[in-house]
Amino acid sequence: MFGFFDKTFTEILNLYGHFAIELICAFLIVMFFIKVFAMNYQLKQMTALDLIINFILGAILGGFITNPTLTTLDFVVAMSFFIVLVYVVILISKKTEWGRRLLVGKPKVIIENGKLDDELVDRLNLNAQKIAIALRQQKIYSLSQVKMARIEPGGELTVIKKGTQNYFIIIIDNGTVDWGALEEIGKSKKWLKDQLVRQKIKSPTEVFIAQWHNNRLYVIRKS
């Protein structure tokens, strides 16, 4: 009896010991993943891209931890491919406008000068009640108070009240021109090029950030 108990206990110990090692490996690799992509320093709600990354990461982790046929090497290889894929996708979304629009999305203006774009609101699967609640949370009780309101890629609502002068619009973000923002302020590609030339900047890729504020363009070069 004792021999059988010892054998069973040893098997259980080996099984859960292996499980514990897998769990520790998964924890360390995911921590490395989070640090590489600085995911613990994000100042935003999750976008569709963030959700996809998290879903796939969860699937990889779940498969590794719950499937005893998968080895630690299998997990490391799968995570390596995943990290490379995420790096490429994030690079595209940061360095190109089309990538940012496709993978992250762009802000959508739903209220302009007190007028609600009901067609856009309907396409976004919103309704007047949801918008009213979001506005009340920002202490706005009438559309007539709103100069501009837009849905950000992360889903949050940004509202600019009428009479507000201290908000800015980002035209260039880390070398990438936001043509939608340029159109929003009523300026052309030639105007932007002339503005940069005046500051002895040959290309937007030399710019870390350029923002439109109080009818002026403020530019910060990359270091």
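Spin-label model, Asp74 to Asn214: label points 7 Å out along the Cα-to-beta-carbon direction sit 6.2 nm apart. Against the main long axis of the alpha-carbon atoms of the chain, helix 189-198 sits at an angle near 90°. Between Thr96, Thr176, Thr69, which gets the highest mean-square fluctuation from a Gaussian network model of the chain, Cα cutoff 10 Å? In this elastic network of the chain, the residue with the biggest mean-square fluctuation among Thr96, Thr176, Thr69 is Thr69. To the nearest ten degrees, helix 72-95 and the longest principal axis of the Cα atoms of the chain are 0 degrees apart.
For the chain, the relative contact order comes to 14 percent (Cα pairs under 8 Å, sequence separation of at least 6). Counting every alpha-carbon pair across region 86-159, the share separated by more than 14 Å comes to 63%. Applying D = kT/(6 pi eta Rh) to region 169-221, where Rh is the Kirkwood radius over alpha-carbon pairs, T corresponds to 10 °C and eta to 1.306 mPa s, the Stokes-Einstein value obtained is 149 µm²/s.
In the chain, the C-alpha radius of gyration followed by the widest Cα-Cα span (Dmax) gives 25.0, 89 angstrom. For the residues Glu183, Glu97, Glu22, a GNM of the chain with alpha-carbon springs under 10 Å puts the largest fluctuation on Glu183. Each residue, Asn127 and Lys115, gets one label point 7 Å from its Cα in the Cβ direction; the gap between the two is 2.6 nm.
Fraction of C-alpha pairs exceeding 17 angstrom in region 132-223: 55 percent, rounded to a whole number. For the chain, the longest principal axis of the Cα atoms and the long axis of helix 48-66 meet at an angle of about 0 degrees.
Between Gly175 and Val207, the built amide H atoms are under 5 Å apart, and every one of these is 5 or more places off in sequence or on another chain.
Dipole orientation for region 119-192: of the candidates Leu124, Thr164, Ile185, Thr164 has the Cα lying most toward the positive pole (charges on Cβ; Lys, Arg +1; Asp, Glu -1). Straight-line reach only, C-alpha to C-alpha below 30 angstrom: list the lysines that Lys189 could link to, leaving out same-chain residues fewer than 8 apart. Reachable lysines: Lys44, Lys94, Lys95, Lys106, Lys108, Lys115, Lys147, Lys161, Lys162, Lys200, Lys202, Lys222.
Mean residue ellipticity, 222 nm, helices only, the chain: the sum of -39500 (n - 2.57) across DSSP H runs of n ≥ 4, divided by residue count and rounded to 500, is -16500 deg cm²/dmol. For the options Asn125, Asn67, Asn113, a Gaussian network treatment of the chain with springs between C-alpha atoms closer than 10 Å singles out Asn125 as fluctuating the most.
Every number in this text was worked out from the coordinates using simple rules, so none of it is lab data. Worth saying up front: this structure is predicted, and the values here are computed from it rather than measured. Cβ atoms come from the backbone with ideal geometry, glycine included; neighbour counts cover every protein chain shown.
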